[in-house]
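Below is one structure, written out as structure tokens; comments come after it.
The values are calculated or read from the model by the stated rules, or taken from the named source; none is laboratory data. Bear in mind that the values here come from a model prediction, so they are computed numbers and not experimental data. Note that each Cβ is placed from the backbone with ideal geometry, even for glycine, and that neighbours are counted across all protein chains shown.
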Amino acid sequence: MNKMKSVKVLLSALFAVVSMSAVAQDFSDPQYAKWGETPDERRENIVTSQFLKESIDNQQYDLASGYFKTLVAKCPTASQNIFVNGIKLYQKRIAKSKTLAEKKANVDSLMWAYDLRNEHFGSHPKYGSAYILERKARELLTYNQSDRAGIRKAFAEAIEAAVAKNGAVGSELLAIYFKNLCDDYVNEEVEAELILAEYERLSPMFTDATDEDKKNKEQFETAFGLSGAANCENLEKLFTAKLAANPDDVEVLGQAVTLMSRANCESDFFFATTEKYYQVKPSAETALFLAQAFQNKKEFDKAKLYLHEAVKAEENPAEKVKLYIRISVVELAAQHFVESAEAAKEAIAIEPENGYAYFILAQTYALGNANCSGLAKDATFWAAYDTMNKAVSLLDAQPDVKADAQKFMATYRNFFPTAEECFFAELKEGSAYTVSCGIARGVSTVVRFRPQ
């Protein structure tokens, strides 16, 4: 006896047992009314339901398909298990499909089974429409990714059902739907307006987020940012409308800043929005971002303003040092040598071994002597040289900056006073000297002659 024949014999024997057990039941009882009009119909349909399950378990899928269609036609509201088994049947038929056409037909049948289940059991308190339609959407995505319109429709219906039932949607479902929607935009299946509208509609649903929800929200935001729909023009249109209704909405301002900075926007609207966000939610991070943005625009006054704001908000000493150095660089670029020197000294006060701070401070000494003259002016280069030498000793980890510092030292030596100037000023080489003018006023140094 071959394997297939053995299975059929076993199945026939099993069906006989099932039928015999069904005979012993009293189907005139009202509890069986949903299975048919008469006791005989009820018995027949219940037996058919049992045959459906067993034929699926025994991989008799053609037989099972006939049982499922019979039950759907005769008693679709009898039991949700009819559809649980019907869905299982078509999942298995999909897995066994040998051609694309066969697979497509089985996927269509699976979707049909879900639709029937939703039609007859959508009001179930636990396994109703929200549950059924989410499973349908996920399975359509799994089995037929090429049906983009169908996938969008299925997920939209699942989200709508979840909102209707729970007033909220699972964050994973939202993330999957929106990721696919953004993919469709990239592939020119949908317009940017739909992406923006759905982003606006769905993003508020990520509330009271758990850690898992936050992960899904990040995926949601990333999909939006990478889609290309979130370009500066589209984002400005979206957030102009949203902020017109509530200009101080912290969450909306934060979204605008995040997305527009990710898109490298440089419009006046973006900068105004970021400044507004800083006003309602000040932070060192936002201030530093604004400072860099205005520095890039060569608006140094605003850059300095936000760097100082960042310093005030920052509590980490190491980060404060970085901010003071940034301030010092901006002030140096703006030729504000006093302010540059002050910021460099603040950095040194916190971190005395910061070579970059000395590197900047030395430059303020060398450049900040415009009001000096004669030997007093040349003497400022002694202080600049000493300070740059200190920088060189601390810049081993920054070889490029160290090399620049050594070049500056060579330049400063060429501006030292000559031996003759020192002789007439009664200054001996190697003697102590205090700088009397410029940014380096009051700095103690040593007399040295200009190289011959």
Scan region 309-329 and tell me whether some residue there is more than 21 Å from Gly254 (Cβ to Cβ) and touching a His at 6+ places or on another chain (Cβ under 8 Å). yes
Picked from region 424-445 (must be more than 56 Å from the chain's Cα centre (by Cα) and surrounded by fewer than 13 Cβ atoms within 10 Å (Cβ to Cβ)), the residue nearest to Phe381 (Cα to Cα) is Thr434
Result of the Cβ filter at 7 Å on region 404-424, keeping first residues that are in the same structural domain as Arg450 (by TED's automatic domain parsing) and partners that are assigned to a helix (DSSP H, G or I) and small (Gly, Ala, Ser), at least 6 apart or interchain, is Ala405/Ala391; Phe408/Ala362; Tyr412/Ala366; Tyr412/Ala384; Pro417/Ala379
Screening Ala272, Ala223 for residues that are in contact with a Cys (Cβ under 7 Å, 6 or more places away or on another chain) and at pLDDT 90 or above leaves only Ala223
Here the qualifying pairs (Cβ atoms under 9 Å; residues six or more apart or on different chains; first in region 332-345 and over 18 Å from Glu299 (Cβ atoms); second outside any helix (DSSP H, G or I) and among the β-branched types (Val, Ile, Thr)) come out as Phe337/Ile439; Val338/Ile439; Ala341/Ile439
Listed by first then second residue, the pairs whose first member lies in region 95-106 and is among the hydroxyl-bearing types (Ser, Thr, Tyr), whose partner is part of a helix (DSSP H, G or I) and at pLDDT 95 or above, with beta carbons under 8 Å and at least 6 positions apart or on separate chains, are Ser97/Lys103; Ser97/Asn106
Here the residues within region 142-188 that are part of a helix (DSSP H, G or I) and among the hydroxyl-bearing types (Ser, Thr, Tyr) are Thr142, Tyr143, Ser171, Tyr177, Tyr185
Region 351-450: helices (runs of 4 or more DSSP H) wholly inside it with 2 or more residues that are over 29 Å from Pro317 (Cβ atoms) are 374-394, 399-413, 419-424
Of (1) free of Cβ contacts under 8 Å to residues at least 60 places away in the same chain; (2) out of contact with any Pro (no Cβ under 7 Å at 6 or more places or on another chain); (3) under 30 Å from Phe271 (Cα atoms), Ser373 fails just (3)
Scanning region 215-243 for residues that are of a type outside the set (S, T, N, Q) and under 12 Å from Thr273 (Cβ atoms) gives Cys232, Leu235, Glu236, Leu238, Phe239, Lys242, Leu243
